[in-house]
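Student: Encoded as structure tokens, here's the structure I'll be asking about.
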Amino acid sequence: MKRELNEIEFLIWTMGQPCNVVLSCRIYGDISPEQLRSALLEAQQRHPLLKVNITCDDSGIPWFTSDGVLAIPLVVIPRDGDQHASRIAEMELPKPFPINDAGLSSLPPLIRVTLLRSSDLADQPSDIIICIHHVIGDALSLFILIRDLLQIISNPEQPLETLDITAANDNVLPASVQKKVPVTERRFKLLFNFLKFYHKLKVRSKKRIRVMADCSFKVDSWQLPKELTGDILTRCKQRNIGLQAAICSAFSPLTPNITIPVGLRNRLALPIGEEFGLFASGLHIEMKYDPKRDFWDNARRFQKRLYIALEKGKMFSMYTIINKFIPLQSIQHFWEILLDISSKKREFVLSNLGSLDNLGINFVTGNYRVASLVVSSSATLVDAVVIIFFTLNGKLHFQSMYNERTTTAEEVTKMVDFGMNHLREVVNLVD
């Protein structure tokens, strides 16, 4: 395999490292290291992006290549309690991947796996921690991967179809967006010059710009009972309000600015299906919560703004500015200035991964049962607080992530408590 990064992948690539996504999966059932290694090899055949690294040509354009790329590395460690997986995940988030920019003959792929294996598999679970460079995949891709691995381990003789759309196509953007992708630097230079002028005029920061490497990530998770989850979903359905809008409205009194990751699988030029790859972008929604209106009116206003942004295709806007004709150093300088401006206010990200139940991802496979899933990402600004949520086994699962060097646990706890209490209030389930 060898192809240029597409526009979605290239945008993530320009942000530098670390830019990782980590999935921690707690499993009951005996999975041996040999079984997992074999399943990972087969998964590499099914999903081509699991066996690539990145090389840059003479013009500085990054390419995926499978030349000299090794099998997925697996580290096996004796499991040391329920918090062990969280500690490993937090260590993986800021850890960069080796990139083939030195012309090395062999390199690992942009994925690594850790197995925390219990000594008493009859009563205790094991944990699988998968870390990928965000340029090859997103959170939903990791859910698909863990499902595939369990299917392979449970039924090793059953062949899985090779999904190779991501191997053969370097442009998956809709035709309407492809027409707007610039072929020169002109639009970027105009925006960049304005951003530099604004930075000099308004920010006047002389402090060292914080970089992604200056991070110590902390990940926490919790879930709501089935009864409360059912009540929330029922009330949303009764009022024709999406869960994303409801959750965002519960937190919006804390900030008028919320960033929302957007899944692109059903918005691209090709039928992506269950391909492993990066099919996500983001939107920034600004709306001040109006305390004179009730919660559902605010949620309806938020949903309207979200729908308008989606209809206008604003999640594709950055692809019409940043392109492969721009020197990488200029783009990284752009991100540094934007980061310095953004550091004056904390970014708040609310990411809905949807219903894993509705996706048909069955996490009881053969003799194996998935007890929990925790996903986190370092592909964000260093001052951001990220809350990810999804539905699994009829329960709403929430996960928060933040940088301990810029945000305290007390601050995040206060934010989470506010949002959760607000949500409980509007479904009349406060004790």
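Student: Is it true that Gln332 is surrounded by fewer than 17 Cβ atoms within 10 Å (Cβ to Cβ) and either assigned to a helix (DSSP H, G or I) or not acidic (Asp, Glu) (or both)? Break it down into steps so the answer makes sense when it comes.
Tutor: Values: surrounded by fewer than 17 Cβ atoms within 10 Å (Cβ to Cβ): yes; either assigned to a helix (DSSP H, G or I) or not acidic (Asp, Glu) (or both): yes.
It is true that Gln332 is surrounded by fewer than 17 Cβ atoms within 10 Å (Cβ to Cβ) and either assigned to a helix (DSSP H, G or I) or not acidic (Asp, Glu) (or both).
Student: Follow-up. Hey, can you tell me all the residues within the range 171-201 that are assigned to a loop (DSSP other than H, G, I, E, B) and either under 17 Å from Arg265 (Cβ atoms) or out of contact with any helix residue (DSSP H, G or I) (no Cβ under 9 Å at 6 or more places or on another chain) (or both)?
Tutor: Here is the first cut: in the range 171-201, the ones assigned to a loop (DSSP other than H, G, I, E, B) are 171-174, 179-185.
The answer is Asn171, Val172, Leu173, Pro174, Lys179, Val183, Thr184.
Student: Test Lys324 against the stated conditions and say whether it is farther than 24 Å from Gly60 by Cβ, of a type in the set (Lys, Arg) and assigned by TED's automatic domain parsing to the domain that holds Val349.
Tutor: Numbers: farther than 24 Å from Gly60 by Cβ: no; of a type in the set (Lys, Arg): yes; assigned by TED's automatic domain parsing to the domain that holds Val349: yes.
No.
Student: If you don't mind, there's one more thing I want to ask. Please specify each residue of the range 364-388 satisfying the condition of being at pLDDT 75 or above and in a loop (DSSP other than H, G, I, E, B).
Tutor: Gly366, Asn367, Ser378, Ala384
Student: Restricting to the range 81-110, count the residues that are at pLDDT below 95 and in a loop (DSSP other than H, G, I, E, B).
Tutor: Of the residues in the range 81-110, 18 are at pLDDT below 95 and in a loop (DSSP other than H, G, I, E, B).
Student: Return a yes/no flag: does the range 55-66 have any residue that is assigned to a loop (DSSP other than H, G, I, E, B), over 23 Å from the mean Cα position of the chain (by Cα) and under 21 Å from Glu275 (Cα atoms).
Tutor: yes
Student: If you go through the range 286-329, how many residues are part of a helix (DSSP H, G or I) and either touching a residue at least 12 places away in the same chain (Cβ under 8 Å) or surrounded by 12 or more Cβ atoms within 10 Å (Cβ to Cβ) (or both)?
Tutor: In the first step, residues of the range 286-329 are kept if they are part of a helix (DSSP H, G or I); the result is 295-311, 314-320, 328-329.
Those still in the list that are either touching a residue at least 12 places away in the same chain (Cβ under 8 Å) or surrounded by 12 or more Cβ atoms within 10 Å (Cβ to Cβ) (or both) too: 295-307, 309-310, 314-320, 328.
Residues flagged as part of a helix (DSSP H, G or I) and either touching a residue at least 12 places away in the same chain (Cβ under 8 Å) or surrounded by 12 or more Cβ atoms within 10 Å (Cβ to Cβ) (or both) within the range 286-329 amount to 23.
Student: A further question on this structure: If Pro108 meets every condition in (1) more than 20 Å from Tyr368 (Cβ to Cβ); (2) within 16 Å of the chain's Cα centre (by Cα) apart from one, which number is that one?
Tutor: (2)
Student: Looking at Gly273, Gly277, which one is assigned to a loop (DSSP other than H, G, I, E, B), touching a residue at least 40 places away in the same chain (Cβ under 8 Å) and surrounded by fewer than 19 Cβ atoms within 10 Å (Cβ to Cβ)?
Tutor: Numbers: Gly277 fails: surrounded by fewer than 19 Cβ atoms within 10 Å (Cβ to Cβ).
Selected residue: Gly273, the only one of Gly273, Gly277 that is assigned to a loop (DSSP other than H, G, I, E, B), touching a residue at least 40 places away in the same chain (Cβ under 8 Å) and surrounded by fewer than 19 Cβ atoms within 10 Å (Cβ to Cβ).
Student: Among the residues of the range 308-363, what is the count of those that are on the phi > 0 side of the Ramachandran plot and modelled with pLDDT under 90?
Tutor: First, the residues of the range 308-363 that are on the phi > 0 side of the Ramachandran plot: 313, 354, 360.
Then keep just the ones that are modelled with pLDDT under 90; that gives 354, 360.
Qualifying residue count, the range 308-363: 2.
Student: Restricting to the range 20-77, name every residue that is more than 24 Å from Ser118 (Cα to Cα) and of a type in the set (Val, Ile, Thr).
Tutor: Val21, Val52, Ile54, Thr55, Ile61, Thr65, Val69
Student: Mind checking which residues of the range 1-44 are out of contact with any Lys or Arg (no Cβ under 9 Å at 6 or more places or on another chain), of a type in the set (A, V, I, L, M, F, W, C) and in a helix (DSSP H, G or I)?
Tutor: Ile8, Leu11, Ile12, Trp13, Leu36, Ala39, Leu40, Leu41, Ala43
Student: Moving to a separate point now. Tell me yes or no: at least one residue of the range 16-26 is over 24 Å from the mean Cα position of the chain (by Cα) and in contact (Cβ under 8 Å) with a residue 60 or more places away in the chain. Working first, answer last.
Tutor: Restricting attention to the range 16-26, the residues satisfying the condition of being over 24 Å from the mean Cα position of the chain (by Cα) are none.
For the range 16-26, residues over 24 Å from the mean Cα position of the chain (by Cα) and in contact (Cβ under 8 Å) with a residue 60 or more places away in the chain: absent.
Student: From the residues in the range 399-431 that are farther than 19 Å from Gly242 by Cα and β-branched (Val, Ile, Thr), which one is modelled with the lowest pLDDT?
Tutor: That would be Val430.
The values are calculated or read from the model by the stated rules, or taken from the named source; none is laboratory data. Because the structure is predicted, anything quoted here is derived from the model rather than measured. Please note: Cβ atoms are built from the backbone with ideal geometry, for glycine as well, and neighbour counts cover all protein chains shown.
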